[in-house]
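Contents: one structure, followed by commentary.
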Amino acid sequence: MPTRKIIIDGREVEADDSITLLQACEQAGSEIPRFCYHERLSVAGNCRMCLVEWVGAPKPQASCALQVKDIFPNKDGTPAKINTRSPYAQKAREGVMEFLLINHPLDCPICDQGGECDLQDQALYYGRANYNRFKENKRAVEDKYMGPLIKTIMTRCIQCTRCVRFATEVAGVPGLGATGRGEDMEIMSYLDKAFESELSGNAVDLCPVGALTHKPWAFIYRPWELRKTNSIDVHDAQGCNVRVDSRGGQVLRILPRVNETVNEEWISDKSRYACDGLKNQRLDRPYVRKAGKLEPASWGEAFEAIAAHVRGTRPERMAAIVGDLAAAEEIKALKDLMHSIGVSSLECRQDGAKVGGGPRQSYLFNTTIAGVESADALLFIGCNPRWEAPVLNARIHKTWLNSAIKIANVGVPYNLTYPVEQLGGSASVLREIADGSHAFAKVLRDAKRPIVIVGPGAIARPDGAAILNLAARIASDTGMIGPAGTAAEGGWSGFNVLHTAASRVAALDLGFLPGEGGRDMAGILDGAGKGEIEFVWLLGADEFDMDKLGNAFVVYQGTQGDAGAHRADVILPGAAYTEQDGIYVNFEGRAQRAERATFPPGQAKEDWAILRALSDVIGQRLPYDHRGELRRALFADAPHLADEGALPQSIGADPAIWNNIGVAGDIDERTPLASPIADFYLTNPIARASGTMAECSKVYVTGAVKMAAE
């Protein structure tokens, strides 16, 4: 890339021509204040807080809107001089700050942004000592309605337009804009409707002045009161990096952490605001059903009730099902416990997804999340990424915004915030693409880096294995599979499976699948209904029809009083994802660690510890007494989980592998490929226990406003 020499604060630097002067100054070690500029948004040049002195220029320069290539040398050929700390630049910034504060109310004592406010910080470091020269009337602005998640105090707004640009450029929902000019300019939503995005909470993070704050958390905390813990989001399978902020044993808020390869700095509204569900409908002590009614019990009584049924039931009449929110540690412990008593009917795919059993790459998102930005053709099969992985959908929108990618869909059409060519609703179209007779097959073959994304709407149905086989054949035959190796070595694979369960990939890696003679999900439910399965262990599994368990003895180990707990004969209260250390593997196959932020309530315990204690009672002691020993056993079972953050290698384009993924067979050509998610906000027990998510569901899904799945 071409470069240019500039003298910044007396130091000569060589900066890339394509970056802004603000970025060049930051790289040189000079801090530049800003309000409207943000690294992930287009340049607006609204606030003028980033003014610097260009020696010889007639006026201060807005460094965010000036590229290095526009800074020409002096007449004598010497590099241009930029001063960021000179009295001239300081006076310019003081003037800008004075004008910004003319109408700003003195709300700091009651503002939820207090302590984390860019305006506070920059007024201290870059403003004047006093601002009492303005004697005219103050400007006041009416607060706007933006839905159940965003609270507005628009008199504080400085019209930086970060929220407007985020809505359009990242969320892909142009529902925010500005009306009026000059002093009459106001930011508002279209027709005062709710901000119709699953990513709306990120706009609050971007607001530098407290005009937008988090409505569910209003007046609940001060930032300096909170204990901050790094964790991983479990509300979908993307593995977004989050920070859990707690006080006094209660989680008060969840914020995103920056991870460029996974979630950049965004998280979904469910990931952010469902945390109030952690304290609602909590299971905080064991229960045992007596005379048809669940009654409180001690741990010993609960364990003895389970042990009695284990001793009196043959292993082939027992089964275990892992739910969507489990960490790798408890999956490993439950697998070892079930194997120790001879149970082979193990299942982690409670939605009935037909994946697993083949190479690891057959059930992963092999392109990687960041790799999506390199794609130039994309085929969706039975998925709605806007609800199944909102942050991934934002990445795809970013790719569409910055390239000429061609996107097509096979399945029910959804509003995905970018244009999608609809090829058909049923899987019959896939046969035409696979045999090359469909026009989009040529698009995939001609593309340099085509990808296919197979969603749960395709694989979680009776013919899911056949659809998966067709998708793998399309990937193999259209050049989606590049050479073997890591991405750094040039490895590439355009075949992707999009999971929605945070526990799914770890469970598949650990082989929590039917063993020899074991039953899959459909077989377990069928056997329970017929009386052939008499004992079922549910590890946080709530997302299926409990009536199909018939008269089986059900043990529910989980956190919320949801469907599984209502059906259970014994309830063992476990720990939520914020209450225990855990390893989660996202749909890329990337292992990430979550740390404990708070302790489980009441008598609830960490899930692996419950299983370890029970193993003593039933006489099949598990060989680990603390988490370190459990993790060593875990890594022995799946060594790649020890390599935190690493991605799997591409396995290359061997047709013998790809043509045998799934099962070749008949497909249902009548039933449309539809996403199984009917309500984005109510997909798991924690979300269903959240009052905030219930309000969002009412406003966005079941109410007047329809989003994504309309």
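Please verify whether segment 621-633 includes one or more residues that are open to solvent by less than 60 Å² (accessible area, probe 1.4 Å) and farther than 16 Å from Gly582 by Cβ.
Initially, segment 621-633 is screened for residues open to solvent by less than 60 Å² (accessible area, probe 1.4 Å), giving 622, 624, 627-631, 633.
With the extra rule that they be farther than 16 Å from Gly582 by Cβ, the set shrinks to 622.
Within segment 621-633, one or more residues are open to solvent by less than 60 Å² (accessible area, probe 1.4 Å) and farther than 16 Å from Gly582 by Cβ.
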Selection over segment 432-445 where residues are open to solvent by less than 90 Å² (accessible area, probe 1.4 Å), among the charged types (D, E, K, R) and under 33 Å from the mean Cα position of the chain (by Cα) yields a count of 0
Of the conditions (1) assigned to a loop (DSSP other than H, G, I, E, B); (2) out of contact with any Lys or Arg (no Cβ under 8 Å at 6 or more places or on another chain); (3) of a type in the set (A, V, I, L, M), the single one that Leu416 does not satisfy is (2)
Taking segment 148-201 and the residues there that are small (Gly, Ala, Ser) and part of a helix (DSSP H, G or I), the one that is surrounded by the fewest Cβ atoms within 10 Å (Cβ to Cβ) would be Gly182
Taking segment 202-217 and keeping residues open to solvent by 20 Å² or more (accessible area, probe 1.4 Å) and within 18 Å of His38 (Cβ to Cβ) leaves Asp205
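So which of Asp351, Asp324 ends up being charged (D, E, K, R), surrounded by fewer than 24 Cβ atoms within 10 Å (Cβ to Cβ), closer than 25 Å to Arg461 by Cα and out of contact with any Leu (no Cβ under 7 Å at 6 or more places or on another chain)? Give the derivation first.
Details: Asp324 fails: surrounded by fewer than 24 Cβ atoms within 10 Å (Cβ to Cβ).
Sole residue among the options that is charged (D, E, K, R), surrounded by fewer than 24 Cβ atoms within 10 Å (Cβ to Cβ), closer than 25 Å to Arg461 by Cα and out of contact with any Leu (no Cβ under 7 Å at 6 or more places or on another chain): Asp351.
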Result of the Cβ filter at 7 Å on segment 1-14, keeping first residues that are without any contact (Cβ under 8 Å) to a residue 12 or more places away in the chain and partners that are not charged (D, E, K, R), at least 6 apart or interchain, is Glu14/Thr3
When (1) surrounded by 15 or more Cβ atoms within 10 Å (Cβ to Cβ); (2) of a type in the set (Gly, Ala, Ser); (3) farther than 30 Å from Glu260 by Cβ are applied to Ser690, the one that fails is (3)
Scanning segment 1-36 residue by residue, those among the small types (Gly, Ala, Ser) and closer than 26 Å to Thr161 by Cα turn out to be Ser18, Ala24, Ser30
Condition set within 14 Å of Lys69 (Cβ to Cβ) and of a type in the set (S, T, N, Q), scope segment 7-53, selection least open to solvent (accessible area, probe 1.4 Å): answer is Thr20
Scanning segment 595-620 for residues that are open to solvent by less than 40 Å² (accessible area, probe 1.4 Å), charged (D, E, K, R) and over 16 Å from Glu579 (Cβ atoms) gives Arg612
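For a quick check of your reading: which helices (runs of 4 or more DSSP H) sit entirely within segment 446-541 and have at least 2 residues that are surrounded by 20 or more Cβ atoms within 10 Å (Cβ to Cβ) and within 28 Å of the chain's Cα centre (by Cα)? Before you say what the answer is, go through the steps one by one.
Numbers: elements: 456-459, 464-477, 504-509, 521-530.
By residue number, 456-459, 464-477, 504-509.
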Report task. Report yes if Thr313 is under 27 Å from Ile524 (Cα atoms) and of a type in the set (S, T, N, Q), otherwise no. Result -> yes
Taking segment 92-147 and the residues there that are free of Cβ contacts under 8 Å to residues at least 60 places away in the same chain and either in contact with a His (Cβ under 8 Å, 6 or more places away or on another chain) or among the small types (Gly, Ala, Ser) (or both), the one that is most open to solvent (accessible area, probe 1.4 Å) would be Ala129
Ala302: passes all of (1) modelled with pLDDT of 95 or more; (2) open to solvent by 10 Å² or more (accessible area, probe 1.4 Å) but (2)
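Regarding Ala389, is this residue surrounded by fewer than 24 Cβ atoms within 10 Å (Cβ to Cβ) and among the hydrophobic types (A, V, I, L, M, F, W, C)?
Details: surrounded by fewer than 24 Cβ atoms within 10 Å (Cβ to Cβ): no; among the hydrophobic types (A, V, I, L, M, F, W, C): yes.
Considered against the rule, which asks whether it is surrounded by fewer than 24 Cβ atoms within 10 Å (Cβ to Cβ) and among the hydrophobic types (A, V, I, L, M, F, W, C), Ala389 comes out as no.
The values are calculated or read from the model by the stated rules, or taken from the named source; none is laboratory data. Computed from a prediction, not measured in an experiment: that's the story for all the values here. Because the Cβ atoms are built from the backbone with ideal geometry, glycine has one as well, and the counts that use them run over all protein chains shown. Each accessible area value is taken on the protein alone, full model and side chains, heavy atoms only, with ligands, DNA and RNA left out. Shrake-Rupley method; radii C 1.70, N 1.55, O 1.52, S 1.80 Å.
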